[in-house]
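Trainee: Sending over a structure as structure tokens; questions will come in a sec.
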Amino acid sequence: MGATVVKIALSGYYGFDNSGDEAVLQSILFALQEQGREQGLQIEPIVLSANPEKTSAMYGVKAYHRMKPGSLFRALREADGLISGGGSLLQDATSSKTIPYYLAVLKIAQWLGKPTFIYSQGIGPVSRPMFYGWIRSVFQRCAYVSVRDTESAELLGKMRLPRERITVVPDPVMGLPMRGSVGGASDLAPDGLVRTVGVSVRIWNEDRSELEALSRSLQVLLAADANVRLRFLPFHLPSDEVASQFVIDRLGDHGSRVEMVRGITHPQDMLAQVAECDLLIGMRLHSLIYAASQFVPMVGISYDPKIDQFLHRLGMKAAASTARFDVDAFAAEAQRLLGGREAWVASSRAAIEELKAQAQLPAQRIISFYKQRTNK
């Protein structure tokens with residue numbers, strides 16, 4: 001007899017050419033397959049995507065359109081359960097429609113009698129109190145709830161979801177493996193070793209003041225060290241390419257020491273780019289998570305509490321925020337980490353290894369849920 005087949009639908013921000021969210025999907029798929037093998041179940045994922053054809057081709061999975069009601073119902077009816085996550089799905093900072101959409105998908109699955117699971121989500125910010133009761137009522141019917149930081153657990157507590165029902169786990173991307181081998185940034189510069197600084201930026205302030213300030217900090221960094229090269233890594237296409245070009249255009253005479261990597265959508269390809277860096281300057285959360293997973297020191301720019309929450313887990317703080325940006329202090333922090341990578345790795349290794357080890361806990365719990373069902 002072959003292994004029991006379990007079909008699991010996945011709901012998240014998938015199919016939008018956002019490398020961070022694609023990394024979440026890839027990481028969950030890897031974890032489910034690995035835990036399925038270990039526990040003797042064959043997992044067949046069904047992904048709800050904005051671009052089902054591309055998602056299916058990229059990951060070799062069945063995919064349905066996330067916004068077409070017929071496709072959505074077909075996927076949920078076909079599945080044995082639904083995973084919602086990971087990522088920052090339940091927040092109303094970007095739109096008031098985001099929370100109702102993701103809760104509706106969970107609610108439909110529950111109406112259809114399917115077990116539902118919350119997979120390492122970042123909850124909040126939630127500024128509209130009416131959403132508190134909605135989230136609580138849907139989460140109370142979930143078979144398993146995990147969040148990626150204590151702040152998310154505390155917010156669910158304010159919504160009166162019992163704390164014992166909530167498990168705090170790392171972001172799933174901490175467990176994303178490398179694909180193949182990559183070389184380091186080891187080309188020789190005239191006075192020594194080239195040091196590659198990855199830069200992941202997004203547009204946040206309407207006046208782009210945070211990008212103006214960052215460009216001045218990067219000018220200081222480039223002027224201070226002739227061996228520094230900047231590698232801009234756009235995580236969300238095409239908007240992050242626009243943000244990257246905005247900064248590059250303000251770097252003046254240093255253009256020959258700056259490049260932008262274009263067109264990367266597969267998360268493991270972006271992970272390989274980050275792994276080659278000696279330092280990562282990041283606004284995108286998953287650029288920082290990629291860096292941590294590869295033991296690359298990072299300088300964070302906070303635009304959202306999720307940046308601070310992740311850095312806090314490594315005993316770090318953001319060096320700047322979109323509201324407050326000290327140009328010289330930021331450049332000094334980048335120079336400090338570039339010159340002290342070994343010390344940073346030594347001080348951060350234990351925390352990073354623990355996060356990597358815990359990244360598969362939600363998949364382990366979900367597969368165990370189905371294993372117990374098959375044994376009954």
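The values are calculated or read from the model by the stated rules, or taken from the named source; none is laboratory data. For clarity, every value in this text was computed on a predicted model and none was experimentally measured. Counting neighbours? That spans all protein chains shown, and the Cβs are built from the backbone with ideal geometry, glycine included. The accessibility values were calculated without ligands, DNA or RNA, using every heavy atom of the protein model including side chains. Shrake-Rupley method; radii C 1.70, N 1.55, O 1.52, S 1.80 Å.
Trainee: Any idea which of Gln33, Gln110, Gln26, Gln42 is closer than 27 Å to Leu288 by Cβ, surrounded by fewer than 19 Cβ atoms within 10 Å (Cβ to Cβ) and of a type in the set (S, T, N, Q)?
Mentor: Working: Gln110 fails: closer than 27 Å to Leu288 by Cβ; Gln26 fails: surrounded by fewer than 19 Cβ atoms within 10 Å (Cβ to Cβ); Gln42 fails: closer than 27 Å to Leu288 by Cβ.
Among Gln33, Gln110, Gln26, Gln42, only Gln33 is closer than 27 Å to Leu288 by Cβ, surrounded by fewer than 19 Cβ atoms within 10 Å (Cβ to Cβ) and of a type in the set (S, T, N, Q).
Trainee: Hey, another quick one. Which residues, counting only those in segment 208-249, are basic (Lys, Arg) and closer than 14 Å to Gly198 by Cβ?
Mentor: Arg229, Arg231, listed by residue number.
Trainee: Follow-up. Scan segment 53-70 for residues that are open to solvent by less than 20 Å² (accessible area, probe 1.4 Å) and in a helix (DSSP H, G or I) and jot them down.
Mentor: Residue satisfying the conditions is Thr55 alone.
Trainee: Now, a different point. Scan (1) without any contact (Cβ under 8 Å) to a residue 60 or more places away in the chain; (2) in a loop (DSSP other than H, G, I, E, B) for the single condition Ala93 breaks and write down its number.
Mentor: (1) is the only condition that Ala93 fails.
Trainee: Right, here's the next one. Which ones in segment 170-190 are at pLDDT 50 or above, surrounded by fewer than 22 Cβ atoms within 10 Å (Cβ to Cβ) and hydrophobic (A, V, I, L, M, F, W, C)?
Mentor: Of everything in segment 170-190, just one residue is at pLDDT 50 or above, surrounded by fewer than 22 Cβ atoms within 10 Å (Cβ to Cβ) and hydrophobic (A, V, I, L, M, F, W, C), namely Met178.
Trainee: On to the next question. Does Asp253 satisfy being free of Cβ contacts under 8 Å to residues at least 40 places away in the same chain, in a helix (DSSP H, G or I), open to solvent by 20 Å² or more (accessible area, probe 1.4 Å) and not hydroxyl-bearing (Ser, Thr, Tyr)?
Mentor: yes
Trainee: Would you mind stating whether Asp326 is among the acidic types (Asp, Glu), under 16 Å from the mean Cα position of the chain (by Cα) and farther than 17 Å from Val169 by Cα?
Mentor: The answer is no for Asp326.
Trainee: Since Phe325 meets every condition but one in (1) assigned to a helix (DSSP H, G or I); (2) surrounded by 17 or more Cβ atoms within 10 Å (Cβ to Cβ); (3) hydrophobic (A, V, I, L, M, F, W, C), which condition does it not meet?
Mentor: It is condition (1) that Phe325 fails.
Trainee: Name the single residue that is most open to solvent (accessible area, probe 1.4 Å) among those in segment 328-348 being of a type in the set (D, E, K, R) and at pLDDT 95 or above.
Mentor: Checking each candidate, the answer is Arg336.
Yes/no per residue for (1) touching a strand residue (DSSP E or B) at 6+ places or on another chain (Cβ under 7 Å); (2) modelled with pLDDT of 95 or more; (3) over 17 Å from Leu338 (Cα atoms); (4) open to solvent by 10 Å² or more (accessible area, probe 1.4 Å):
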residue: His266; (1), (2), (3), (4): no, no, yes, yes
residue: Leu271; (1), (2), (3), (4): no, yes, yes, no
residue: Asp278; (1), (2), (3), (4): yes, yes, no, yes
residue: Ile281; (1), (2), (3), (4): yes, yes, no, no
residue: Ser293; (1), (2), (3), (4): no, yes, yes, no
residue: Met298; (1), (2), (3), (4): yes, yes, no, no
residue: Phe310; (1), (2), (3), (4): no, no, yes, yes
residue: Ala319; (1), (2), (3), (4): yes, yes, no, yes
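Trainee: Filter segment 137-164 for residues that are surrounded by 15 or more Cβ atoms within 10 Å (Cβ to Cβ) and over 24 Å from Val24 (Cα atoms) and give the result.
Mentor: Scanning segment 137-164 gives Met159, Leu161.
Trainee: Quick check on my filter: what residues within segment 214-242 are in contact with a helix residue (DSSP H, G or I) (Cβ under 8 Å, 6 or more places away or on another chain), open to solvent by less than 10 Å² (accessible area, probe 1.4 Å) and closer than 21 Å to Ala272 by Cα?
Mentor: Selection gives Val228, Leu230, Phe232, Leu233, Pro234, Phe235.
Trainee: Select from segment 124-136 the residues that are open to solvent by 10 Å² or more (accessible area, probe 1.4 Å) and either closer than 15 Å to Leu156 by Cβ or not aliphatic (A, V, I, L, M) (or both) and list them in ascending order.
Mentor: Selection gives Gly124, Pro125, Val126, Ser127, Arg128, Pro129, Tyr132, Gly133, Trp134, Arg136.
Trainee: Listed residues Ala93, Ala104; which is farther than 24 Å from Lys7 by Cβ, open to solvent by 10 Å² or more (accessible area, probe 1.4 Å) and not hydroxyl-bearing (Ser, Thr, Tyr)?
Mentor: Going through Ala93, Ala104 in turn, the sole match is Ala93.
Trainee: Still on this structure, I have one more. May I ask you to verify whether Arg77 is charged (D, E, K, R), in a loop (DSSP other than H, G, I, E, B) and modelled with pLDDT of 95 or more?
Mentor: It is false that Arg77 is charged (D, E, K, R), in a loop (DSSP other than H, G, I, E, B) and modelled with pLDDT of 95 or more.
Trainee: When segment 128-147 is examined, which residues are found to be outside any helix (DSSP H, G or I) and at pLDDT 95 or above? Break it down stepwise before answering.
Mentor: Taking segment 128-147 first, the residues outside any helix (DSSP H, G or I) are 128-129, 140-147.
Across segment 128-147, the qualifying residues are Gln140, Arg141, Cys142, Ala143, Tyr144, Val145, Ser146, Val147.
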